[in-house]
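The values are calculated or read from the model by the stated rules, or taken from the named source; none is laboratory data. In this text, all values refer to a predicted model and were calculated from it rather than measured experimentally. For neighbour counting, all protein chains shown are included, and Cβ atoms are generated from backbone atoms with ideal geometry for every residue, glycine included. Only protein heavy atoms, including side chains, enter the accessible area calculation; ligands, DNA and RNA are left aside. Shrake-Rupley method; radii C 1.70, N 1.55, O 1.52, S 1.80 Å.
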Amino acid sequence: MGMPGWVRAAAGRSAGAVRAAAGRLPGVVRAVRAAPGRLPRGIGARRRAVQTVMAGCVLALLPSAWTHATAADRLRSTADAPAAEVAVVFGAGLWNGRPTPYLANRLDAAAELYRAGRVRVVLITGDNSRTEYDEPGAMRTYLTGKGVPGDRIVSDFAGFDTWDSCVRAKEIFGVERAVLISQGFHIRRAVALCEAAGVDSYGVGVDDEHDATWYYGGTREVFAAGKAALDAAFKPEPRFLGPKEPGVSRALAALAD
């Protein structure tokens with residue numbers, strides 16, 4: 001019995017398709033050989049996208065690497081902080097007019113260093129841009145409550161960010177060398193910026209509970225390091241510079257009398 005007609009037709013079409021594909025194969029091979037290393041369009045685009053993302057990540061992390069490298073050998077605890085005439089405490093916000101727990105921990109460390117005789121004057125720097133928000137005033141009240149005499153505390157009311165505080169410590173208050181006090185996630189940036197501003201700095205990073213605020217602060221530092229690198233490179237003037245203030249030199253002179 002012969003093969004049905006529709007089978008013979010299908011077989012003929014299949015054979016023809018195979019012969020046509022075989023005829024095109026040498027051309028495909030020649031095209032691949034002519035463009036070695038070229039990936040199919042979709043794979044190549046994905047690879048370029050991955051490379052772009054990786055390059056962006058590396059660039060984003062470079063400022064953080066700079067702050068870590070700068071502060072690597074300048075971090076201490078309250079137990080082994082070097083002696084310095086001045087401690088600088090950076091503001092960290094108020095709750096109902098009182099220091100936040102994070103700021104209170106910074107001030108506790110400053111009071112401990114003062115009682116141990118490792119620092120002689122405490123420069124508190126924070127935001128007083130509004131009459132109803134006096135960060136340095138609250139910091140002073142807290143420190144005097146911890147036994148630090150008021151005449152050993154100097155207030156900077158225009159420490160609006162870390163760079164401003166560092167520049168003003170040097171240019172306005174004449175601080176040449178200082179122990180800086182902040183949280184661990186911030187202290188490296190503080191040391192790097194104060195070094196860039198001309199203050200020989202050592203950093204004390206205080207311990208805190210690793211709560212949501214702590215993790216937020218650590219994440220924020222990745223982005224803040226970018227601004228810090230630009231500040232160190234271009235050295236912009238603080239938001240408010242103003243005239244020189246003799247508070248630190250006057251307090252030190254009184255101790256020498």
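Rolling a 1.4 Å probe across all protein chains gives residue 68 an accessible area of roughly 100 Å².
Quick one: net charge around residue 165, please, counting Lys, Arg +1 and Asp, Glu -1 for every other residue with C-beta under 13 Å from its C-beta. In short, -2. The phi-based Karplus calculation (6.51 cos²θ - 1.76 cosθ + 1.60; θ = phi - 60°) puts the 3J(HN,Hα) values of the stretch 249-257 at 5, 5, 5, 5, 5, 5, 5, 7, 5 Hz, whole numbers, x for Gly and Pro.
Taking a 1.4 Å probe, which of 193, 94 shows the most accessible area, and what order do the others take after it?
Numbers: 193 0, 94 30 Å².
From most exposed to least exposed: 94, 193.
Put the Cα centre of the stretch 178-250 next to the Cα centre of the stretch 61-138 and the gap is 9 Å. 3J(HN,Hα) along the stretch 241-247, derived from phi through the Karplus expression 6.51 cos²θ - 1.76 cosθ + 1.60 where θ = phi - 60°, amounts to 9, x, x, 5, 10, x, x Hz, with x in place of Gly and Pro.
Say the dipole of the stretch 186-246 comes from +1 at the beta carbon of Lys and Arg and -1 at that of Asp and Glu; which of 214, 196, 233 then lies farthest toward its positive end? About the Cα centre, the residue reaching furthest to the positive side is 233. The residues neighbouring residue 144, those whose beta-carbon lies less than 11 Å from its own, together hold a net charge of +2 under the Lys/Arg +1, Asp/Glu -1 convention.
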